[in-house]
Amino acid sequence: MTTFDARPQAALGARPPGWLASVLVEGQACACDAVFPFHHGTALEPACVATARRFVDQTLASWSAPEHVFDAQLVVSELVTNAMRHGGGAAQLRLLAHGPELACVVTDHSHTAPIATAPDVFSEYGRGLRLVDALCAAWGWLSPGGPRKVVWAVIAG
């Protein structure tokens, strides 16, 4: 059973856009789909965030989508960092493009829901999902069963 959820800040509510749900839940193919698997030994190392940003840069260059690179790198950095800190490490990064939209999808090793908290002024951490919310048309998470969670964010074109 797949469970959907999204934080109150998510623009589209509790479900990913239809095209993304059909790919993530139903396994339908997407013309522009790239997957980067994190190695278990490095999934908790800060260097995996830089590796994820390079993957975004290379993938979007190959798709001729330079307009998304900066936002996608920032979103992916935040999602991978959250996976490292709160999700037992990043398992996979997936980029999907559908028309003018780009989805950044990070799978981690936890069922813990991502929460966009309001950090105090002096807090060193806690702003990542607020940034994701500001840059994306929608974001949320789903639990497809098993020991993992999928966090998705859609950047509008």
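No lab work stands behind these numbers, since they all come straight from the coordinates. In this text, all values refer to a predicted model and were calculated from it rather than measured experimentally. All Cβ positions, glycine included, derive from the backbone under ideal geometry; neighbour counts span all protein chains shown.
Quick one: I155, I115, fewest Cβ neighbours within 10 Å first, how do they rank?
Listing I155, I115 from fewest to most nearby Cβ atoms yields I115, I155.
Shape verdict for segment 13-108, please, from the Cα gyration tensor: rounded (a/c under 1.5), prolate (a/b greater than b/c) or oblate.
It comes out oblate by the Cα gyration axes.
Could you give me the ³J(HN,Hα) list for segment 49-58, computed from phi with Karplus coefficients 6.51, -1.76, 1.60 and θ = phi - 60°, whole Hz, x at Gly and Pro?
Working through the residues one at a time gives 5, 5, 4, 5, 5, 4, 4, 4, 4, 5 Hz.
What distance in nm lies between label points placed 7 Å from Cα along the C-beta direction at A29 and R54?
3.0 nm
Just need the relative contact order of segment 20-157 here, percent rounded to a whole number, with Cα pairs under 8 Å and 6+ apart.
Worked out over segment 20-157, it gives 24 percent.
Roughly how big is segment 50-157's charge dipole about its Cα centre, with Cβ charges of +1 (Lys, Arg) and -1 (Asp, Glu), in debye to the nearest 20?
Its charge dipole is roughly 300 debye.
Please list the non-local residues whose amide H lies under 5 Å from the amide H of Q92, H modeled 1.01 Å from N, same-chain partners needing a gap of 5 or more.
Under 5 Å from the amide H of Q92 lie the amide H atoms of F38, T107, each far enough along the sequence or on another chain.
Would you mind pulling out the separation of the Cα centroids of segment 131-157 and segment 61-96, in Å?
Taking the Cα centre of each part, segment 131-157 and segment 61-96 sit 10 Å apart.
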